[in-house]
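Note sheet for the following structure.
The values are calculated or read from the model by the stated rules, or taken from the named source; none is laboratory data. Every value quoted in this text rests on a predicted model; they were computed, and no experiment measured them. Using ideal geometry, Cβ is built from the backbone for each residue, glycine included, and neighbour counts are taken over all protein chains shown. With ligands, DNA and RNA removed, areas are computed over all heavy atoms of the protein, side chains included. Shrake-Rupley method; radii C 1.70, N 1.55, O 1.52, S 1.80 Å.
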Amino acid sequence: MTDTTRDISETTGGDYAPRAIQLGSVRVTALHDGHFDLPGSFIASEDPAASSEATFHLDINAFLVQTATQNILVDTGGGAKLGPTLNKLVSSLGAAGLAPSDIDAVLCTHIHPDHTNGLIDIDNAPIFPKAQVFVHQNELDYWLSDEQRERAPADFRNVYDWAREAFAAYAGRIEPFQQGAVMPGIEAIPLFGHTPGHTGFQIDGGGKEQLIIWGDAVHDIERQTRNPDISAQADVDPDGARAARSFIFDRAATDDVLITGMHITFPGFGRIRKDGTGFEYSAEA
């Protein structure tokens, strides 16, 4: 397999500058939207000391996929509504040489605010004026449901409201999908559990040049590769999320596919290998 590490480059200075890899004819660039500082208990742990850490640093990433004919974003970050440590995606995109108007399509791994609030600005206007938005049908059915919103705790209903605002801005430009080919060279991989339609995407650069962008399969890659049963508080269905995590770890390790995700330490490109009863992650950038 080609060593993609040598193709990783920075387009501007700084630890969070866009980082690009070349997969055959496809260029994939990691974009940093910011981070959260969360309670250590956000990630479950068998070690009480680990769970009681004062804060847990969580990078928020998105990815630009450039083919011969299209500029495609995978997720859009947290936008202007989640606090001052986020909303850097547009400037990161600019550092990669593109404006929001250059984006032809947005693929959503799922509808959580740190992944889709970046579709709109503070006034709820669409940031990507020409983009078609692709999202799993299960996500639309769940997050835009009046019934699900009413079932949710009162202090969590804003997540449903934000979803409505973000997707209302793209009325007529939303493309629901199920699984399989979403567009040429991009396969949707069902990874349900974190949310009802949580989806990864496999990018095919030709031959063995492949990349899996697995969304929120992990939030703490070191702990969760060693023990895929460890969950995050944000998992809607923890059992489903555990099964999906084990499945995608095994697939990536068996096929020796380059992987990345929205919450792996930026830029997040790396590989998974089997290690005893668990797995091990090795960064490539």
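Could you please report the charge total around Q70, scoring K, R as +1 and D, E as -1 over all other residues with beta-carbon less than 12 angstrom from its beta-carbon?
On the way: positive: R27, K130; negative: D102, D104.
Local net charge: 0.
Which net charge results when you count Lys and Arg as +1 and Asp and Glu as -1 among the other residues whose beta-carbon is under 11 Å from that of D161?
Result for the local shell: +3.
Using a 7 Å offset from Cα along Cα-Cβ at D146, what residues in the stretch 165-202 end up with backbone N under 18 Å from the label point?
Residues passing the 18 Å test: 165, 168.
Full-extension gain between T85 and D37, please, as 0.36 nm times their residue separation minus the C-alpha to C-alpha distance. Intermediate values should be presented prior to the final figure.
Details: separation 48, 0.36 × 48 = 17.28 nm, distance 0.88 nm.
Once the chain is fully extended between T85 and D37, it gains 16.4 nm.
Rounded to the nearest angstrom and ordered from largest down, what semi-axes does the equivalent ellipsoid of the stretch 71-138 get from its C-alpha gyration tensor (root of 5λ)?
Details: eigenvalues 53, 50, 22 Å².
Computed over the stretch 71-138, the values are 16, 16, 11 Å.
Would you please calculate the Kirkwood hydrodynamic radius of the stretch 180-285 over all C-alpha pairs and express it in Å, rounded to one decimal? Before the final figure, lay out each step's value.
Values: mean 1/r = 0.0733 Å⁻¹.
By the Kirkwood definition, the hydrodynamic radius is 13.6 Å.
For the chain, treating each Cα as an identical point scatterer without solvent, what Debye log10 I(q)/I(0) comes out at q = 0.09, 0.11, 0.13, 0.14 1/Å?
Ignoring solvent entirely, the Cα scatterers give -0.38, -0.58, -0.84, -0.99.
Tell me, what % of the accessible area of the chain is carbon and sulfur with a 1.4 angstrom probe?
Values: 5660 of 11490 Å².
The computed percentage sits at 49.
Could you give the size of the charge dipole of the chain about its Cα centre, using +1 on the Cβ of each K and R and -1 on the Cβ of each D and E, expressed in debye and rounded to the nearest 20?
Numbers: 20 positive and 41 negative charges, 97 e Å.
Around 460 debye, computed over the chain.
How large is the Rg to Rh ratio of the stretch 239-282 when both quantities use alpha carbon positions and Rh follows Kirkwood?
Numbers: Rg = 10.4 Å, Rh = 10.8 Å.
Expressed as Rg/Rh, it is 0.96.
In the neighborhood of G180, defined by Cβ-to-Cβ distances under 14 Å, what is the net charge if each Lys or Arg adds +1 and each Asp or Glu adds -1? Don't jump to the answer; show the numbers that get you there.
Working: positive: none; negative: E175, E187, D204.
Every neighbour counted, the sum reads -3.
By its C-alpha gyration tensor, with a ≥ b ≥ c as the square roots of the eigenvalues, how is the stretch 70-109 shaped: rounded for a/c under 1.5, else prolate for a/b larger than b/c, else oblate? The partial results should precede the final answer.
Details: a/c = 2.75, a/b = 1.43, b/c = 1.93.
In terms of gyration-tensor shape, oblate.
What whole-number value in cubic angstrom gives the convex hull volume per residue for the C-alpha atoms of the stretch 132-234?
Considering the Cα atoms of the stretch 132-234, their hull volume per residue is 122 Å³.
If you look at just the Cα atoms of the stretch 51-193, how large are its Rg and its Dmax in Å?
Final numbers for Rg and Dmax: 15.4, 48 Å.
Tell me the mean residue ellipticity at 222 nm calculated for the chain from its helices only (DSSP H runs of n ≥ 4, each -39500 (n - 2.57), averaged over every residue, nearest 500). Before the final figure, lay out the partial values.
On the way: 8 runs with 64 residues, N = 285.
So the helix-based figure for the chain works out to -6000 deg cm²/dmol.
Contour minus end-to-end for D250 and K274, with contour as 0.36 nm per residue of separation and end-to-end as the Cα-Cα distance?
Working: separation 24, 0.36 × 24 = 8.64 nm, distance 0.76 nm.
Between D250 and K274, full extension yields 7.9 nm more.
Counting only C-alpha contacts under 8 Å and six or more residues apart, can you give the relative contact order of the chain as a whole percent? Walk me through the intermediate numbers first.
Values: 667 pairs, mean separation 45.8, N = 285.
Over the chain, the number comes to 16 percent.
Tell me, how many Å apart are the Cα centres for the stretch 156-197 and for the stretch 74-141?
So the separation of the two Cα centres works out to 12 Å.
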